[in-house]
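Visitor: Here's a structure for you.
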Amino acid sequence: MTVHFVGAGPGAADLITVRGRDLLARCDVCLYPGSMTPPDLLAYCPPEATLIDTANLSLEEIVGKLVEAHENGHEVVRLCSGDPSLYSAVAEQARRLDAKNVPYDVVPGVPAFAASAAVLKRELTVPEIGQSLVITRVQARSTKMPPKETLAAFAATEATLALHLAINHVERVTGELVPHYGADCPIAVVALATQPGETVVRGVLGELPDLVREAGMTRAATIFVGRVLAAAGFPDSFLYSSARDRANQPESL
C-alpha cells in the first residue's frame with residue numbers, strides 16, 4: 001500500500017483538499033500532528049480507522065508506524081499541518097521510507113501564510129509595491145538556520161516577510177528588522193488562522209512587541225512585515241490591462 005502525506009491545511013476542516021479528504025475517508029490508519037489537528041478533520045476518517053497522535057512520538061517511532069501499516073496492507077495517511085512543502089519534516093520521513101522501499105505520495109494543503117493572508121484580505125504581491133515573498137522562521141531551540149539565511153539578509157531586500165515560529169521572539173524580530181524596514185513599516189499578525197480563537201492584529205513594526213503582548217498571542221501565528229499590507233494607490237497589474245495585445249500573446253507567459 002502507499003503512504004499518503006496529506007496537507008491538513010491551516011485548521012478549518014473544510015480547507016483540506018478534496019483529494020486529501022477522500023484519502024482520509026478510505027484510510028485504515030491516520031497519523032496526525034497532535035492538538036493542532038481539529039476533531040472535525042479526523043471525523044472524515046472511517047469509524048474503524050486507527051488514529052495515532054504523533055505529538056509525543058520520535059521520528060523513528062513515526063516512521064515505524066508508517067512502515068508497519070504499509071506491511072500490514074493498510075491504507076495510511078500521514079497528516080501534516082498546513083502544506084507538506086513547509087516545515088513539515090516530510091523530507092526526513094520520506095528519506096527513511098525510500099530506504100525501506102515503501103511507496104508514498106504527497107498531497108498539498110493550504111499553508112498557514114496563505115490562510116492568514118486570506119484572513120487579512122490582502123494580496124501579498126502588489127504591483128510596484130512588492131513582488132516577492134520571503135517565507136522564513138526564527139531560530140530558537142529549533143534546527144539551526146543556514147548561516148546566510150538571516151533576518152537581516154532577507155530584510156535588506158525589503159521584500160515582504162512571512163515569519164513562522166517567531167511569535168515568542170517579537171522583540172528580537174523588531175530589533176533586527178527596524179533598521180531595514182523602518183519602525184513605521186506595516187505589519188500584521190494572524191494567530192490560529194481559520195481556527196477557533198483566531199486573532200488578528202495590525203499596526204507598524206515598532207509596535208509589534210506591544211501588539212502581540214496585548215493580544216495574548218503565544219502560538220500558531222504568522223507575522224507579516226511589508227509595505228504591501230497597507231498598499232493603496234498602486235497601478236493596476238499588466239495582467240488584465242486593456243493596453244495588452246491579447247490577440248497575439250504567446251501561449252505561455
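Visitor: Assess whether Leu208 counts as being touching a residue at least 24 places away in the same chain (Cβ under 8 Å), part of a helix (DSSP H, G or I), closer than 23 Å to Gln131 by Cβ and of a type outside the set (S, T, N, Q).
Guide: No: the conditions fail for Leu208.
Visitor: Do we find that Lys121 is within 25 Å of Leu41 (Cβ to Cβ), surrounded by fewer than 16 Cβ atoms within 10 Å (Cβ to Cβ) and out of contact with any Cys (no Cβ under 6 Å at 6 or more places or on another chain) in this structure?
Guide: Here the answer is yes, as Lys121 does meet what is asked.
Visitor: Of everything in region 2-17, what is surrounded by fewer than 17 Cβ atoms within 10 Å (Cβ to Cβ) and farther than 21 Å from Ala114 by Cβ? Give them in sequence order.
Guide: Matches in region 2-17: Thr2 only.
Table: residues versus (1) assigned by TED's automatic domain parsing to the domain that holds Ile187; (2) of a type in the set (Asp, Glu); (3) farther than 19 Å from Val138 by Cβ; (4) modelled with pLDDT under 95.
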| position | (1), (2), (3), (4) |
| --- | --- |
| Leu211 | yes, no, no, no |
| Thr222 | yes, no, no, no |
| Val225 | yes, no, no, no |
| Ser237 | no, no, yes, yes |
| Asp245 | no, yes, yes, yes |
| Asn248 | no, no, yes, yes |
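Visitor: Residues in region 56-76: is at least one over 24 Å from Asp98 (Cβ atoms), touching a Ser or Thr at 6+ places or on another chain (Cβ under 7 Å) and not β-branched (Val, Ile, Thr)?
Guide: Among the residues of region 56-76, not one is over 24 Å from Asp98 (Cβ atoms), touching a Ser or Thr at 6+ places or on another chain (Cβ under 7 Å) and not β-branched (Val, Ile, Thr), which makes the answer no.
Visitor: Which number in (1) in a loop (DSSP other than H, G, I, E, B); (2) touching a Cys at 6+ places or on another chain (Cβ under 6 Å) marks the one condition that Gly11 misses?
Guide: That leaves (2) as the condition not met.
Yes/no per residue for (1) touching a helix residue (DSSP H, G or I) at 6+ places or on another chain (Cβ under 8 Å); (2) in a strand (DSSP E or B); (3) at pLDDT 95 or above:
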residue: Ala115; (1), (2), (3): yes, no, yes
residue: Val119; (1), (2), (3): no, no, yes
residue: Leu124; (1), (2), (3): yes, no, yes
residue: Val134; (1), (2), (3): yes, yes, yes
residue: Ser142; (1), (2), (3): no, no, no
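Visitor: Are there strands (runs of 3 or more DSSP E) fully within region 18-108 with at least 3 residues that are in contact (Cβ under 8 Å) with a residue 12 or more places away in the chain and surrounded by fewer than 18 Cβ atoms within 10 Å (Cβ to Cβ)? List them.
Guide: So the answer is 50-53.
The values are calculated or read from the model by the stated rules, or taken from the named source; none is laboratory data. In this text the structure is predicted, and so the values were computed from the model without any measurement. Neighbour counts are summed over all protein chains in view; Cβ atoms, including those assigned to glycine, are modelled from backbone coordinates with ideal geometry.
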